[in-house]
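Enquirer: This is the structure, below, for whatever I ask next.
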Amino acid sequence: MARPALDVPTTMQAAVLYGPGDIRVVERPVPQPASGEVLVKVAMCGACGTDLKIFDGHFPQTPPYGAFTPGHEWTGTVVACGETVDEFAVNDRVCIEAHSGCGRCDNCLIGRYTACLNYANAAKGHRASGMTADGGFAEYALHNAKALYRIPPSVTFEDAVLITTAGTGLYGLDVAGGYIAGQDVVIFGPGPVGLMTLQLCKQLAAARVILVGTRESRLELGRRLGADHTINAREVDPVRAILDLTGGQGVDMAIEASGGAQAPQHCAEVTKRAGRIVVVAYYEDKVSVDLSAIVRKDITVYTSRGEGGNNVKRAVALAAAGRLRGAELVTHRFPLQDIGKAFQTMRERDAGTVKVVVTP
Ligand SMILES: [Zn+2]
Ligand SMILES: [Zn+2]
């Protein structure tokens, strides 16, 4: 027996991808939560670069055109719980991790569920919301109970919509060993991942956090969020500037969140001997990097995908303690009907755009 639900309509408005660049808001049935699933009334859903790839038809393993609602950074209120769900109750406010592993493959068994070996295999229990299954550009969305996190009243939906993003940064730090207290960190890329990771590094007591970008408005936001130094790579050579700031030694950790073709090589040049590089970005093309220099300097390179390792739970705790600000990154809000405009705004990358959200 499903648990008591709020008054949920049978149909809803949802954005459906009909082909590359063709997204339409149509009426679809409201899904019913099966065992272990939760139905959420979406408050808002963030759009990111991955959505543009999905929108353009360049993302693998999405469901067929005409039957798929994207959106993987959403938050909202629980309206119904499927059988066996006692972790949540109707009216709980929740945020999500996009990836929900199958729970039965080798990687899931060791906690690496964002690298689930049954990726996109819904029959085996895998779901990546908004990537391999319907997501949050809709009035209602389903997710597995294990991929939801309750948020306290003090955390607004604007803050919560960035918690999934913060989970990505925190997972990267986690994979790289966690401790950064007292260390100098450089972050390439003041996008949402970079700006959330910057705050996390400050909260984890990094000595100095240096933020490198090309858009002054984002660097300014970075300073407001705690960056000790910002470097505009259009104005100065970032490698020179970072080496100057660190007495020629380089930083203890470089975090690559920009996806810029030059950034991995810059990381190699600004990381000190025996330092760490963490890559949490995707690239347009293959990138070229002096691997011999990385070996000579005894640098360890880590990569991580998505918001794994239960790090969204940690991000919720930081947000609940007032130590993680998401709302300040939200620069544009669009109603669901205008989702096309939301994607267009992201693509144009005008100066003031940081996080674009869509509200059903
Ligand atoms: Zn995203
Ligand atoms: Zn798995």
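Enquirer: Test Arg273 against the stated conditions and say whether it is among the basic types (Lys, Arg), exposed (fewer than 15 other Cβ atoms within 10 Å of the Cβ) and modelled with pLDDT under 95.
Expert: On the way: among the basic types (Lys, Arg): yes; exposed (fewer than 15 other Cβ atoms within 10 Å of the Cβ): yes; modelled with pLDDT under 95: no.
No, not satisfied.
Enquirer: Answer yes or no: is there a residue in region 126-135 that is in a loop (DSSP other than H, G, I, E, B), closer than 22 Å to Val79 by Cα and either of a type in the set (S, T, N, Q) or within 15 Å of ligand 1 (Cβ to nearest atom) (or both).
Expert: Yes - at least one qualifying residue is present in region 126-135.
Enquirer: Separate question: Does at least one position in region 239-252 carry a residue that is buried (at least 17 other Cβ atoms within 10 Å of the Cβ), modelled with pLDDT of 95 or more, within 25 Å of the chain's Cα centre (by Cα) and not assigned by TED's automatic domain parsing to the domain that holds Leu52?
Expert: Within region 239-252, one or more residues are buried (at least 17 other Cβ atoms within 10 Å of the Cβ), modelled with pLDDT of 95 or more, within 25 Å of the chain's Cα centre (by Cα) and not assigned by TED's automatic domain parsing to the domain that holds Leu52.
Enquirer: Of all residues in region 64-120, count the ones that are of a type outside the set (A, V, I, L, M), within 11 Å of ligand 2 (Cβ to nearest atom) and touching a residue at least 24 places away in the same chain (Cβ under 8 Å).
Expert: The qualifying residues number 10.
Enquirer: If you don't mind, there's one more thing I want to ask. Kindly indicate which of Gly111, Gly71 is small (Gly, Ala, Ser) and either part of a helix (DSSP H, G or I) or closer than 16 Å to Gly135 by Cα (or both).
Expert: When all the criteria are applied, what remains is Gly71.
Enquirer: Right, another one. Within region 142-170, which residues are more than 15 Å from ligand 1 (Cβ to nearest atom) and closer than 19 Å to Phe334 by Cα?
Expert: Within region 142-170, Thr156, Phe157, Glu158, Asp159 meet the criteria.
Enquirer: Also, quick follow-up: Any residue that is at pLDDT 95 or above and in contact with a His (Cβ under 7 Å, 6 or more places away or on another chain) - is there at least one of those in region 180-198?
Expert: yes
Enquirer: Could you list all residues from region 290-339 that are assigned to a helix (DSSP H, G or I) and over 21 Å from the mean Cα position of the chain (by Cα)? It would help to see each step written out before you state the result.
Expert: As a first pass, look at region 290-339 and keep what is assigned to a helix (DSSP H, G or I): 291-296, 311-320, 327-329, 336-339.
The answer is Leu291, Ser292, Ala293, Ile294, Val295, Arg296, Gln337, Asp338.
Enquirer: Yes or no: Thr50 touching a Pro at 6+ places or on another chain (Cβ under 8 Å) and of a type in the set (S, T, N, Q)?
Expert: Against the criterion (touching a Pro at 6+ places or on another chain (Cβ under 8 Å) and of a type in the set (S, T, N, Q)), Thr50 does not qualify.
Enquirer: Now for a separate question. Just give me the residues in region 69-116 being of a type in the set (A, V, I, L, M, F, W, C) and within 16 Å of ligand 1 (Cβ to nearest atom), in sequence order.
Expert: Once the filter is applied, which keeps residues that are of a type in the set (A, V, I, L, M, F, W, C) and within 16 Å of ligand 1 (Cβ to nearest atom), region 69-116 yields Trp74, Cys95, Ile96, Ala98.
The values are calculated or read from the model by the stated rules, or taken from the named source; none is laboratory data. Please read these numbers as outputs of a predicted model, since none were measured by experiment. Every residue, glycine among them, receives a Cβ derived from its backbone with ideal geometry; neighbour counts consider all protein chains shown.
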